Amino acid sequence: DAGVIQSPRHEVTEMGQEVTLRCKPISGHDYLFWYRQTMMRGLELLIYFNNNVPIDDSGMPEDRFSAKMPNASFSTLKIQPSEPRDSAVYFCASSVQGNNQPQHFGDGTRLSIL
Amino acid sequence: TQLLEQSPQFLSIQEGENLTVYCNSSSVFSSLQWYRQEPGEGPVLLVTVVTGGEVKKLKRLTFQFGDARKDSSLHITAAQPGDTGLYLCAGRRNTGGFKTIFGAGTRLFVKA
């Protein structure tokens, strides 16, 4: 079975540019999470969706960040305009309902803003 | 401020040694999970503990949830180079919905 698929794997762009990260969750999973990982701050939850509806976006750092989930098989995280401090590895994860269910992570997008 | 404090942050040991990694908090968690992450990949779940005092074993790995459900430990017996990776604890609180809080991780390096 295919796991969580993220694209692109790597993105290098100049500050001020718009960046769009994409995620395809595991089929049948009704929760989708976006995380950001840095050496300084570790793994931080940005936002999560349940049945395509955003539930908690309190981790989204600024208005420059936005996330959408137009359907059950696709989500995007957009940064506009991007800044060098946004450089990090961004992970998408999905899971099924249940407090003890695992989150299945994609391999991440390594984002570098110059 | 990390709600889940992991220690040590970094550990480098020889193959065959034993080690323990700790995950501590002042908050009570309804469940706690341990993940392992390898370079260039996302974290992968190792175990979930939900009951205070619970002990789970996964081959050479032993996981324990504190009686008060505020802390956890991971003990590895006879570490092998394949155990090298970043170990993350992650907790959910009863009042947090489905939100998971991750610790900063313990980076383990096992030398052959």
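Bear in mind that the values in this text are calculations on the coordinates, not laboratory data. Please read these numbers as outputs of a predicted model, since none were measured by experiment. Backbone-built Cβ (ideal geometry, glycine too); neighbour counts: all protein chains shown.
A few comments on the model shown:
- Student exercise, the protein assembly as shown dipole from Lys, Arg, Asp, Glu Cβ charges, in Debye to nearest 20: 360
- Cβ-based exposure ranking for A:Met15, A:Met60, in which fewest neighbours within 10 Å come first: A:Met15, A:Met60
- Among the residues of A:104-111, the average count of other protein chain beta-carbon atoms within 10 Å of the residue beta-carbon is 3.
- Rough spin-label spacing in nm, given labels placed 7 Å along Cα→Cβ, for A:Met40 and B:Glu41: 2.9
- Per-pair calculated FRET efficiency, R0 = 25 Å: B:Val50 and A:Asp30 via Cβ, rounded to 0.05: 0.75
- FRET efficiency, 1/(1 + (r/R0)^6) with R0 30 Å, evaluated for A:His10 and B:His75 via beta carbons: 0.25
- Take each peptide in B:50-57, B:30-37, B:68-75, A:77-84, count the other Cβ atoms within 10 Å of every residue, and average; sorted highest first, the result is B:30-37, B:68-75, A:77-84, B:50-57.
- Between amide H atoms placed 1.01 Å from N, distances below 5 Å from B:Arg69 occur with B:Gly53, all of them 5 or more places distant or on a separate chain.
- Bins of 10 Å, starting at 0 and running to the largest distance - Cα pair percent for chain A: 15, 50, 29, 5, 0
- Within 10 Å of the Cβ of each residue in B:34-47, the mean number of Cβ atoms contributed by other protein chains is 4.
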